[in-house]
Amino acid sequence: MNWLLALEILYAAALIFVCLRIIFDGRNNTKSLAYILLVIFIPLLGMFFYFSFGINYRKRKIYSKKIIQNADMARRLRETIYSHSQQVLDKGGQAVQSNKELAYLLLRDNMSALTDNNDVKLLINGENKFPEVLKAIEEARDHIHIQYYIYEENGIGKKVEQALIRKAAEGVIVRFIYDDFGSRSIRRKLVPRLIAAGIKAFPFNKVYFIALANRLNYRNHRKLIVIDGRVAFIGGINISDRYINEESDRKKTYWRDTHLRIEGPGIQYLQYLFLCDWNFCASEKLEPTPAFFPDPLSLPVKGNKIVQIAASGPDSDMPTILFSLLQAINLATEEILITTPYFIPGESLLDALIVASLSGVSVKLLAPGHSDSKLVNAAAKSYYDDLLRAGVEIYLYTKGFVHAKTLVADGKIGIVGTANMDYRSFDLNFEVNAIVYDKSFANELRDVFYSDLKDAERIDRGAWGRRPILSQLLEKSARLVSPLL
C-alpha cells in the first residue's frame with residue numbers, strides 16, 4: 001500500500017513539473033493549454049508526447065546563427081546592410097514604399113538586407129523548375145550548395161545526383177544538406193554514393209531513433225540551392241518525381257507547386273542561411289569569403305527586382321515568417337491572395353485575415369480540395385466558418401493537390417517560399433520565404449492565382465453551414481489538437 005502511495009506522489013510531482021515546464025516554455029497560450037490538457041488527461045503517454053514533440057527550442061536555440069566571430073567586423077557588416085537597405089528603400093518604387101514597414105521588420109528582426117538589381121523567374125511546377133536547376137548546376141564553376149527537406153531517389157533524383165557527381169569530378173565543391181527525416185530513404189544508398197564521388201553530404205539534425213526522437217518536431221523544411229553565390233532556387237518543390245506532371249501519366253495526382261529562380265544580390269541571405277545550417281550539421285566550419293559572397297557591385301545587373309528574405313526556425317528569437325505575413329496582410333488595402341496546402345492559422349493570422357476582409361480588402365484563399373493529411377485537412381476546415389462570415393472567399397483546388405505557398409498583396413508584392421500557414425511552419429520548422437517588391441512580378445503571380453481558380457470550387461457560405469453535424473464535430477475536434485499538428 002505504501003509503495004502505491006509513493007508512486008502516486010511521485011507521479012503527481014512529475015505532473016506538476018511537466019505542467020510548469022510547459023507554462024514557462026511556451027509563448028503560445030493555445031498550444032501550451034493543449035499540451036497541459038494532454039499530459040493531465042492522458043497519463044504518462046501525454047508526458048512522453050510532450051517531451052518527444054513539444055519542447056520549445058526557440059527559447060534554447062538549437063544553434064547560433066553567428067558565423068562572424070569578430071565583433072568589429074560584425075558591426076561594420078550590420079552598418080553596411082542597414083545603409084544599403086535604406087538606399088534601396090529610398091530609390092525604390094511604390095511597391096516597396098507602400099510596404100516599407102515590412103522591409104524594416106525583416107531588416108531589424110533578421111538583419112535581412114533589402115536588395116535591388118535582382119532577376120526573378122517564376123517556376124510553376126516541377127516540370128518547369130528542374131530543367132532550370134539542371135542547367136544552373138551544369139554552369140557552376142566554384143561551388144554548389146544544395147539543401148532539401150525531401151530528396152527521393154527516383155527519376156529526377158537520379159538526374160540531379162548525376163549532375164552533382166559530374167560537377168564534383170570537374171573540381172566544383174558540392175555541399176549537400178538533407179533532412180534526416182524527410183529524406184530518410186536516401187540514407188543507405190544515395191548518400192554513400194555522393195560521398196564516394198567527393199561530395200560533402202550531411203544530415204540536418206540527425207535522427208537516431210525515429211519513433212522516440214524529439215527532433216522530429218524540428219525539421220529543416222527548406223528547399224534551397226545556391227550556386228557560386230550568384231544564382232539561387234527557393235520555393236515549395238522538393239526533389240521528387242511527384243512534383244513533375246507528365247501528360248503520359250494521367251493516373252498520377254496532378255501536383256501544383258511554385259518555385260523561384262533568383263539571380264543577384266538577393267541570394268546572399270540564402271547563402272548565409274545555408275552556411276549557418278552547414279556549420280551546425282557538418283564537420284567542416286565555413287567562414288564568409290568573397291567566393292560565397294561576391295561584391296554586389298561586381299555582379300552584372302540582370303534584373304530590376306527588389307528582393308528580401310524572411311527566415312525563421314528554432315534558430316531564431318522570433319517567428320519572423322509569421323510576423324512578415326501578418327505585416328503584409330495588415331499593409332494591404334485592396335487585395336490579398338493566399339495559396340497554401342496546410343491552413344492552420346492560429347488566432348493572430350486568423351484575426352488578421354478577418355480584420356482585412358471586414359475592412360474592405362478582397363481576401364481570397366486557395367487550399368486543397370483533397371489533402372495528403374485528413375487530420376490537417378479537417379482542422380483547416382474548422383477555420384473556414386469564421387473566414388466565410390467575414391466575407392473571405394475560399395476556394396478548394398480540385399485538379400489535384402496544390403502544394404504552393406504564396407501570397408500576393410495589392411499586386412505590389414509577391415511572397416514565395418517553403419512555409420505553410422500552420423503552427424509547424426511558424427514555430428517548429430526551419431523555413432524560408434522570398435519577398436519580391438515588384439508590381440510586374442506580383443501581377444504575374446496574381447495571374448497564376450486566378451488561373452488556378454479555374455480548377456477550384458468556391459465554397460458557398462450557406463451550403464457550408466448546412467454540412468452534417470457529424471462533419472462539423474469532427475472538424476472542431478481536429479481543431480482542438482491543431483496546435484500539436
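The values are calculated or read from the model by the stated rules, or taken from the named source; none is laboratory data. Since we're looking at a predicted model, the values are computed, not measured. Virtual Cβ from ideal backbone geometry, glycine too; neighbours counted across all protein chains shown.
Can you name the residue in the stretch 368-391 that is more than 16 Å from Glu347 (Cα to Cα) and in contact with a Ser or Thr (Cβ under 6 Å, 6 or more places away or on another chain) and is also surrounded by the most Cβ atoms within 10 Å (Cβ to Cβ) among such residues?
Checking each candidate, the answer is Asn377.
Among the residues of the stretch 331-355, count how many are surrounded by 17 or more Cβ atoms within 10 Å (Cβ to Cβ) and more than 23 Å from Ser451 (Cβ to Cβ).
Matching residues across the stretch 331-355 total 8.
On the basis of being buried (at least 19 other Cβ atoms within 10 Å of the Cβ), closer than 23 Å to Ile262 by Cβ, modelled with pLDDT of 75 or more and not assigned by TED's automatic domain parsing to the domain that holds Tyr437, does Val88 make the cut? I'd like the intermediate steps shown before the answer.
Numbers: buried (at least 19 other Cβ atoms within 10 Å of the Cβ): yes; closer than 23 Å to Ile262 by Cβ: yes; modelled with pLDDT of 75 or more: yes; not assigned by TED's automatic domain parsing to the domain that holds Tyr437: yes.
Criteria met by Val88.
Any residue in the stretch 250-268 that is polar (S, T, N, Q), in contact with a helix residue (DSSP H, G or I) (Cβ under 7 Å, 6 or more places away or on another chain) and under 29 Å from Phe449 (Cβ atoms)?
Step one: filter the stretch 250-268 for residues polar (S, T, N, Q), giving 253, 258, 268.
Still in the running and in contact with a helix residue (DSSP H, G or I) (Cβ under 7 Å, 6 or more places away or on another chain): none.
Within the stretch 250-268, none of the residues are polar (S, T, N, Q), in contact with a helix residue (DSSP H, G or I) (Cβ under 7 Å, 6 or more places away or on another chain) and under 29 Å from Phe449 (Cβ atoms).
Got a number for residues in the stretch 105-116 being touching a residue at least 12 places away in the same chain (Cβ under 8 Å) and either within 15 Å of Gln87 (Cβ to Cβ) or basic (Lys, Arg) (or both)?
The first filter runs over the stretch 105-116 and keeps only residues touching a residue at least 12 places away in the same chain (Cβ under 8 Å), leaving 105-107, 109-116.
Narrowing the set further to residues that are either within 15 Å of Gln87 (Cβ to Cβ) or basic (Lys, Arg) (or both) leaves 107, 113-116.
The number of residues fulfilling the criteria is 5.
Could you tell me how many of the residues in the stretch 255-301 are surrounded by 15 or more Cβ atoms within 10 Å (Cβ to Cβ) and not hydrophobic (A, V, I, L, M, F, W, C)?
Looking only at the stretch 255-301, we keep the residues that are surrounded by 15 or more Cβ atoms within 10 Å (Cβ to Cβ), and these are 255-282, 286, 288, 292-294, 296, 299.
Subsequent filtering for residues that are not hydrophobic (A, V, I, L, M, F, W, C) retains 256-259, 261, 263-266, 268-269, 271-272, 277, 279, 288, 294, 296.
So the count comes out to 18.
Quick check on the stretch 204-227. Is at least one of its residues out of contact with any helix residue (DSSP H, G or I) (no Cβ under 9 Å at 6 or more places or on another chain) and at pLDDT 95 or above?
The answer is yes, given that some residue of the stretch 204-227 is out of contact with any helix residue (DSSP H, G or I) (no Cβ under 9 Å at 6 or more places or on another chain) and at pLDDT 95 or above.
If I filter the stretch 458-474 for residues that are surrounded by fewer than 14 Cβ atoms within 10 Å (Cβ to Cβ), modelled with pLDDT of 95 or more and either in contact with a Cys (Cβ under 6 Å, 6 or more places away or on another chain) or more than 26 Å from Val96 (Cα to Cα) (or both), do I get at least one hit? Give the steps one after another, and end with the answer.
To start, the set of residues in the stretch 458-474 that are surrounded by fewer than 14 Cβ atoms within 10 Å (Cβ to Cβ) comprises 458, 460, 462-463, 465-471, 473.
Now drop any that are not modelled with pLDDT of 95 or more, which leaves 458.
Still in the list and also either in contact with a Cys (Cβ under 6 Å, 6 or more places away or on another chain) or more than 26 Å from Val96 (Cα to Cα) (or both): 458.
Yes: the stretch 458-474 contains one or more residues that are surrounded by fewer than 14 Cβ atoms within 10 Å (Cβ to Cβ), modelled with pLDDT of 95 or more and either in contact with a Cys (Cβ under 6 Å, 6 or more places away or on another chain) or more than 26 Å from Val96 (Cα to Cα) (or both).
Condition check ((1) in contact with a Cys (Cβ under 9 Å, 6 or more places away or on another chain); (2) of a type in the set (A, V, I, L, M, F, W, C); (3) in contact (Cβ under 8 Å) with a residue 24 or more places away in the chain; (4) surrounded by fewer than 17 Cβ atoms within 10 Å (Cβ to Cβ)) across all residues:
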| site | (1), (2), (3), (4) |
| --- | --- |
| Asn125 | no, no, yes, no |
| Pro131 | no, no, no, yes |
| Gly155 | no, no, yes, yes |
| Lys158 | no, no, no, yes |
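Determine, yes or no, whether Tyr243 is among the hydroxyl-bearing types (Ser, Thr, Tyr), farther than 25 Å from Ile435 by Cα and surrounded by fewer than 24 Cβ atoms within 10 Å (Cβ to Cβ). Even if it seems obvious, please write down each step before you answer.
Working: among the hydroxyl-bearing types (Ser, Thr, Tyr): yes; farther than 25 Å from Ile435 by Cα: no; surrounded by fewer than 24 Cβ atoms within 10 Å (Cβ to Cβ): yes.
Spelling it out, it is not the case that Tyr243 is among the hydroxyl-bearing types (Ser, Thr, Tyr), farther than 25 Å from Ile435 by Cα and surrounded by fewer than 24 Cβ atoms within 10 Å (Cβ to Cβ).
Restricting the first residue to the stretch 260-285 and requiring it to be hydrophobic (A, V, I, L, M, F, W, C), which pairs with a second residue that is assigned to a helix (DSSP H, G or I) meet a Cβ separation below 8 Å and a spacing of at least six or different chains?
Ile262/Leu270
Let me confirm something: among Ile199, Ile225, which residue is β-branched (Val, Ile, Thr) and either in contact with a His (Cβ under 8 Å, 6 or more places away or on another chain) or farther than 22 Å from Leu275 by Cα (or both)?
Details: Ile199 fails: either in contact with a His (Cβ under 8 Å, 6 or more places away or on another chain) or farther than 22 Å from Leu275 by Cα (or both).
Matching residue, one of Ile199, Ile225: Ile225.
Yes/no matrix, rows are residues, columns are (1) modelled with pLDDT of 95 or more; (2) over 26 Å from Gln147 (Cα atoms); (3) not polar (S, T, N, Q):
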residue	(1), (2), (3)
Asp277	no, no, yes
Phe280	no, no, yes
Gly303	no, no, yes
Asp317	no, no, yes
Leu337	yes, yes, yes
Ile354	yes, yes, yes
Ser371	no, no, no
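Anything in the stretch 243-259 that is in contact (Cβ under 8 Å) with a residue 60 or more places away in the chain and either in the same structural domain as Phe430 (by TED's automatic domain parsing) or out of contact with any Lys or Arg (no Cβ under 6 Å at 6 or more places or on another chain) (or both)? List them, or say none.
Hits for the stretch 243-259 are Tyr243, Ile244, Asn245, Glu246, Thr253, Arg256, Asp257, Thr258.
Could you check the stretch 306-319 and list, in sequence order, the residues that are surrounded by fewer than 23 Cβ atoms within 10 Å (Cβ to Cβ), in contact with a Ser or Thr (Cβ under 9 Å, 6 or more places away or on another chain) and of a type outside the set (A, V, I, L, M)?
Asp315
Residue-wise test of (1) of a type in the set (Val, Ile, Thr); (2) outside the structural domain of Ile354 (by TED's automatic domain parsing); (3) farther than 22 Å from Ala232 by Cα.
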{"residue": "Pro265", "(1), (2), (3)": "no, yes, no"}
{"residue": "Ser283", "(1), (2), (3)": "no, yes, yes"}
{"residue": "Pro288", "(1), (2), (3)": "no, yes, no"}
{"residue": "Pro296", "(1), (2), (3)": "no, yes, no"}
{"residue": "Lys302", "(1), (2), (3)": "no, yes, no"}
{"residue": "Gly313", "(1), (2), (3)": "no, yes, no"}
{"residue": "Ala328", "(1), (2), (3)": "no, no, yes"}
{"residue": "Thr333", "(1), (2), (3)": "yes, no, yes"}
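Which ranges mark the strands (runs of 3 or more DSSP E) fully within the stretch 115-195 that have 3 or more residues being of a type in the set (A, V, I, L, M, F, W, C)? Break it down into steps so the answer makes sense when it comes.
On the way: elements: 115-124, 143-148, 173-179.
Because the criterion is at least 3 residues that are of a type in the set (A, V, I, L, M, F, W, C), the strands (runs of 3 or more DSSP E) in the stretch 115-195 that meet it are 115-124, 173-179.
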